[in-house]
Amino acid sequence: MGKKITICTFIDAFGWEVYKRYGFLDDILPEARRLRTTFGFSSAADPSILTGRYPDEHTHWSCFYYAPENSPFKLMKLLSILPRQIFDRGRVRHWLSKILAKFYGYTGYFQIYSVPFEVLPYFDYLEKRDYFVPGGILATDTIFDRLYSEEIPYHCSNWRLPEKRNLEIAKDTINEGKIEFMYLYLPKLDAVMHEFGNNAPQVEEKIRWLEEQVREVKKLAEEKYDEVAFFAISDHGMANVTESVDLISQIDSLGLEFGKDYVAMYDSTMARFWFMNDSARSRITEKLNQCSKGYIVSDEELKQMRVFFEDRKFGEVIFLMNAGTLIVPSFMGLKSIPGMHGYHPDDKDSYCFIKSDRHIPEDVNSITDIRRALEREISNV
Ligand SMILES: [Zn+2]
């Protein structure tokens, strides 16, 4: 039997609509299928790909969840007395996130973004562990856990390294000819589209560059191995931002006290609320229902989207913005940006894809089906 490798190239935020506009390696990866993403951000989508399951099973949804008793950030309150103009700067917060991650021993991706210091003590952070290594996911397992337990040699890019470096390492690893599976992580298209929107010249330029790089990887693998099964996948799409809403001011105008009446997490495309009394609940709910730029997602719909959690740690009320509308400022960013994801999974710009040189089975339609499609190609699994 010949030597076989299965390679999965992950391209962050490469949506189906963007793929239809620009194409991607259509000569060597002729099969393409539109995939539905999961509701939420990458913190929900990436674990869904790796586990082949939905957030209500693997339990990863939003980064920050309500945990006033067990918050590791209680001391962050002290930082809130420091001058805002220094400590709200992106670079300072990035640097502070690194120090905190080190201090707490987090190995996952950790960012405090623009969450105010006085708000942090109400929350805990979900991705404490790196889920790209075995044992990293909170519940259930990932494709890496399975490869590890079945002793199938594989390589997964280190997401902390630059894209170019990961491409070099991927090629070196293929040259050694020892692995049977590779997960090549290419996250930079996401940053380009956040910065320029989904149809800027920079996007096409980046896609053409990615094509060249991925083509080289595939060619090298075909030289080194007798058989290559090649996949390109993405986790979600990207919508152009056309409007912003200052939701924080609208909620603040009710005169309720944060931490005493309610607690809120303002993600960029959704706002999540917890209530300490019924009056706060009804007044905030009423205010949200008056806002035409989004809607409160019902428990029934959360259940349908497989992101309902009985303990409500991700929110008692979840207000989702209409596609293209951004909460500005939010706890994720103080300014508007041209591109964002995290809207409703049924919005056309939310869909992503799987591409391959293999036949993609009919039952592969969601990012939770990717794992199954990959495992089918990995020998001995
Ligand atoms: Zn992104």
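The values are calculated or read from the model by the stated rules, or taken from the named source; none is laboratory data. These numbers come from a predicted model, not from an experiment. We place every Cβ from the backbone using ideal geometry, glycine too, and count neighbours over all the protein chains shown. To get the accessible areas, we keep the full protein, side chains included, count just its heavy atoms, and leave off ligands, DNA and RNA. Shrake-Rupley method; radii C 1.70, N 1.55, O 1.52, S 1.80 Å.
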Legend entry - Count of residues meeting criterion [modelled with pLDDT under 85 and in contact with a strand residue (DSSP E or B) (Cβ under 7 Å, 6 or more places away or on another chain)] in the range 113-135: 1
Legend entry - Filter result for the condition that a residue is at pLDDT 95 or above, within 25 Å of D145 (Cβ to Cβ) and open to solvent by 60 Å² or more (accessible area, probe 1.4 Å), over D369, D346, D363, D278: D363
Legend entry - Selection from the range 155-207 of residues that are touching a Phe, Trp or Tyr at 6+ places or on another chain (Cβ under 8 Å), assigned to a loop (DSSP other than H, G, I, E, B) and more than 18 Å from D235 (Cα to Cα): G177, I179, E180
Inset, instruction - Mind listing just one residue for me: the one in the range 311-321 that is over 15 Å from E300 (Cα atoms) and in contact (Cβ under 8 Å) with a residue 40 or more places away in the chain and, of those, most open to solvent (accessible area, probe 1.4 Å)? - result: K313
Legend entry - Subset of the range 1-23 [surrounded by 20 or more Cβ atoms within 10 Å (Cβ to Cβ) and either of a type in the set (F, W, Y) or within 20 Å of Y125 (Cβ to Cβ) (or both)]: F10, F14, W16, Y19
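Tally time: how many residues in the range 329-377 are of a type in the set (A, V, I, L, M, F, W, C), within 16 Å of the ligand (Cβ to nearest atom) and outside any helix (DSSP H, G or I)?
Our first condition is that a residue be of a type in the set (A, V, I, L, M, F, W, C); within the range 329-377, this holds for 331-332, 334, 337, 340, 352-354, 360, 364, 367, 370, 373-374.
Imposing the further condition that a residue be within 16 Å of the ligand (Cβ to nearest atom) reduces the set to 331-332, 337, 340, 352, 367.
From what is left, the residues that are outside any helix (DSSP H, G or I) are 331-332, 337, 340, 352.
Residues flagged as of a type in the set (A, V, I, L, M, F, W, C), within 16 Å of the ligand (Cβ to nearest atom) and outside any helix (DSSP H, G or I) within the range 329-377 amount to 5.
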Legend entry - the range 186-214, residues that are away from the ligand (no atom under 14 Å from the Cβ), in contact (Cβ under 8 Å) with a residue 60 or more places away in the chain and closer than 14 Å to T9 by Cβ: I207, L210, E211, V214
Inset, instruction - Run F110 past the list (1) in contact with a Lys or Arg (Cβ under 9 Å, 6 or more places away or on another chain); (2) open to solvent by 70 Å² or more (accessible area, probe 1.4 Å); (3) modelled with pLDDT under 85 and report the number of the one that doesn't hold. - result: (2)
Legend entry - Flag for I152 being more than 16 Å from the ligand (Cβ to nearest atom) and surrounded by fewer than 19 Cβ atoms within 10 Å (Cβ to Cβ): yes
